[in-house]
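Have a look at the structure below, then the notes.
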Amino acid sequence: MDYQKLSRKAIGCMLVNEILLSVVLTGVLAGAVFGLDKIEVKIMPVIFWLILAFVWCVSLAAPFVRYERYRYRFSEEDISVREGFLWIHRDIVPIERLHKVALESGPIDRIFGLSKVIVTTAGGDVTIRFIELPVAEQIVDRLKKRINQYAVSKREG
Amino acid sequence: MEGQEEIIKMRNHITSVIEETWGIVLVLICIVLGNGDSFELGLELLRTGNIIEGFLAVGGISILLLIICLWRINRWYRTTLTLKEGNVIYERRTLNRYVNNIAVANISNINLEQNIFERIVGTCKVKLDTNSLSTANQTDLQIVLKKRDAERVKQLLLQMIRENEVTEQGENGLYETAEGLAENQVYRAAGGLAENQVHGAAEIPAEAPVHAAAGRSSSVGLNPLLENHLALDDDRVDFDIVYSTKDIVKNCLVTTYISMWILAAVVCVGIVLMIVEALIEEDNIWDVIGVILFQIMLEGTWLTTLVKRGLQDFKFRARRDGDKIYVSCGLLKKKKYTVPVDKINAVTVEYTFLGRLCKRGYVKVINVGGEGEDVDGMKILLADSYGELERKMKVLLPEFDLPEPSMLKKPPLRVLWLSLGKLALLFAIVIGGMFLGISAGGAIFDLTMEELTDIPANTLLYCCFGGLVLFLVLAGICLLHYLSAGIYQGDNLMLSRGILKKKILTINYQRIQYIHISQGLAERMAGLSRGYFTILASAMSQTQDIGCFGGEEFEEMAERFRQTY
């Protein structure tokens with residue numbers, strides 16, 4: 001089974017997340033600069049603008065790079081996810097090791113009609129994000145059936 | 001016998017109440033003894049007719065003591081452990097009712113422990129651990145019984161586990177695989193626990209009643225090998241691996257961390273210097289003795305740790321029987337633990353720094369459960385030469401081969417260059433940050449750069465030298481890390497890692513839960529990857545770092561992992 005790309009809505013969702021984070025970071029930096037300005041520190045504004053520019057450039061560029069890189073695959077045997085911006089991460093999870101499958105949607109995910117599938121093994125969780133809700137529901141159903149098949153075949157020995 | 005069920009119910013031994021409360025009671029008694037005045041005041045108040053105040057002053061602590069003791073006794077009475085239908089049910093019916101049902105099939109460890117108090121009163125703690133990840137760092141269930149009964153309960157549980165495994169092989173398996181047993185042979189409960197026996201302080205009769213396990217017809221007799229294991233005393237049992245006192249002392253010395261030896265050396269020198277100084281300066285002999293005793297107390301901490309470590313491995317013995325490993329060790333705190341082989345997720349050979357110099361490592365197994373020093377693995381072999389470890393592993397755990405050191409493939413050299421490069425970049429950022437900080441400080445305090453940097457040349461030199469030393473130390477650590485790393489991919493995955501200590505992990509690919517691989521920008525440019533995998537184990541051992549290797553190693557690992565499902 002081939003790797004799947006994310007829906008284009010994922011770019012919007014990632015962008016909103018990054019912008020929100022950048023706004024918070026800008027607020028924190030601005031607060032620090034404002035406080036230091038009171039004691040007439042002249043060099044800080046330059047650093048402030050440099051850091052701010054860097055943060056916003058990364059925030060605006062990252063979603064596009066992440067979207068191009070993000071790939072996932074739900075085969076009959078395993079789940080494989082590949083994603084990242086500066087660091088590229090890859091997870092390989094066999095379906096027979098799964099204990100639990102969950103579907104979650106945050107507020108921003110819901111705006112874009114997306115959700116995340118969280119699979120749990122005895123060694124921890126793996127999350128596959130930015131999947132369209134109908135697709136995610138199909139995936140979860142398939143996973144549940146597959147897990148049950150594994151459980152039955154194990155019992156039958 | 002068909003359909004007959006046996007329920008075996010137990011309570012903690014009554015002495016467990018004393019063991020749990022003696023600390024609090026002692027503290028309260030000390031408070032009472034230290035506040036004799038309040039007693040006199042209380043008596044005075046009672047004489048003058050202030051009953052409530054007087055009673056509180058005199059009896060407040062006593063009432064508290066009484067409440068604590070009664071509460072503990074109530075808790076003891078309402079806490080039971082029941083073996084029923086292949087389940088172990090732990091129930092506490094106090095204000096918060098708590099019932100824990102554990103299927104026998106999920107038990108990963110059965111340990112017996114005796115501390116000094118328990119050895120004096122003749123009791124023993126039975127500890128059960130399961131495959132549950134939520135309780136991976138703690139013991140799931142424990143109960144204190146008389147030593148004889150603890151051994152019997154352990155054997156009964158082992159028998160139940162064995163029956164459960166035989167049943168899973170199919171109905172016929174129940175009759176065919178039990179060695180040389182006829183149908184309808186009566187099954188005797190290991191160790192004489194009577195039907196519906198609620199164990200308090202009463203002795204358990206020695207005669208074993210007839211017992212039908214889990215509603216099936218009585219058909220399984222005792223495995224003749226298991227008969228031997230009903231022996232209550234280790235001296236009556238043959239162990240496959242036995243260590244002499246000399247081996248145990250060597251193990252104790254070699255497995256002590258280098259930092260402790262350095263600390264001991266520093267403290268010894270300190271003691272000598274302090275004593276000499278006291279002898280020269282102090283006039284009073286008692287002051288000199290006081291200094292000496294104080295110093296000995298400091299040194300004693302280290303010595304106590306060394307002795308404790310030696311004592312915990314005292315009379316260390318191990319044997320393999322069927323699909324279980326039995327280990328017995330300890331002097332002050334006797335431990336006996338049983339590890340089902342099929343629950344072992346990984347095996348590690350560990351070397352301390354001294355161990356690497358002396359070429360002596362020890363072996364631990366990783367499974368779920370355990371607490372304290374066992375949370376990161378249970379020791380099954382003490383420190384020994386590699387050849388001896390190999391030989392003993394073939395006896396104890398042939399399922400896991402120890403790798404030949406030459407089999408382990410080193411990571412490519414660019415891994416070392418990458419880590420040194422990252423270190424250099426980090427130093428550059430730190431120095432740059434310091435420079436910016438100095439500039440900011442100059443702006444804050446309205447000083448020019450020349451005034452700020454008007455630091456004596458010596459100070460600057462020392463700072464630079466210190467920075468260089470730090471860089472060299474960290475670079476040395478990177479080098480040691482690189483030299484300790486290694487990987488071998490065969491039927492099992494073998495990984496070597498460490499800095500001063502070294503650990504070689506052996507794991508079957510089937511035991512891996514999932515694999516995570518990552519590449520930073522630098523790794524991508526160098527064609528490297530790093531990652532980790534997770535296994536079913538306690539929090540300390542759950543995530544196992546693979547390290548940094550060539551991308552092709554990770555592809556091979558992913559491929560071999562895929563072949564297991």
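Any read-out appearing in this document is the output of simple, stated calculations on the displayed coordinates, not a laboratory observation. Just so we're clear, the structure is a prediction, and the values are computed from it rather than from any experiment. Here the Cβ positions follow ideal geometry from the backbone for every residue, glycine too, while neighbour counts run over all protein chains shown.
Going by amide H atoms built from the backbone, whose H comes under 5 Å of the H on B:A485, apart from near neighbours?
The answer is none.
Can you give me the three principal axis dimensions of the stretch A:1-141 from its C-alpha atoms, in Å, biggest first?
Result, largest extent first: 64, 29, 24 Å.
Please give me the summed charge of the neighbours of A:Y3: other residues whose Cβ is under 9 Å from its Cβ, Lys and Arg +1, Asp and Glu -1.
+3
Would you mind ranking B:F435, B:F117 so that the residue whose beta carbon has the fewest other beta carbons within 10 Å leads the list?
Ascending number of Cβ neighbours within 10 Å: B:F435, B:F117.
Please compute, for peptide B:510-523, the average count of beta-carbon atoms on other protein chains lying within 10 Å of each residue's beta-carbon.
6
Sticking with the crude label model, points 7 Å out along Cα→Cβ, report the distance from A:A102 to B:I499 in nm, one decimal please.
Distance between label points: 3.5 nm.
First select every other residue whose beta carbon is under 11 angstrom from the beta carbon of B:A558; then total the charges, Lys and Arg +1, Asp and Glu -1. Provide the component values of the computation, followed by the final result.
Working: positive: A:R90, B:R560, B:R562; negative: A:D78, A:D91, B:E552, B:E553, B:E555, B:E556, B:E559.
Its environment carries a net charge of -4.
Using a 10 Å cut-off around each Cβ of peptide B:339-345, what is the average number of partner chain Cβ atoms that fall inside?
Going residue by residue through B:339-345 and averaging, the value is 0.
Counting Lys and Arg as +1 and Asp and Glu as -1, what is the net charge of the other residues whose Cβ lies under 13 Å from the Cβ of B:E388?
That sum, taken over residues with Cβ under 13 Å, equals +3.
For peptide B:530-536, what's the mean number of Cβ atoms from other chains within 10 Å of each residue's Cβ?
Across B:530-536, the average partner-chain Cβ count within 10 Å equals 3.
Which value, in Å³ per residue, describes the convex hull spanned by the Cα atoms of the stretch B:309-395?
Once divided by residue count, the hull of the stretch B:309-395 is 96 Å³.
Across the stretch B:72-86, in residue order, what do the Karplus-derived ³J(HN,Hα) couplings come to in whole Hz, using 6.51 cos²θ - 1.76 cosθ + 1.60 with θ = phi - 60° and x for Gly and Pro?
Couplings: 5, 5, 4, 5, 4, 5, 8, 10, 9, 10, 10, 9, 8, 6, x Hz.
Which peptide among B:343-356, B:17-30 comes first, and what is the full order, when sorted by highest mean count of other Cβ atoms within 10 Å? Can you show the working numbers first?
On the way: B:343-356: 22.1, B:17-30: 13.4.
Taking the mean over residues of other Cβ atoms within 10 Å, the ranking is B:343-356, B:17-30.
Against the longest alpha carbon principal axis of chain A, how many degrees, from 0 to 90 and to the nearest 10, is the axis of helix A:9-37 turned?
Relative to chain A, helix A:9-37 is tipped by roughly 30 degrees.
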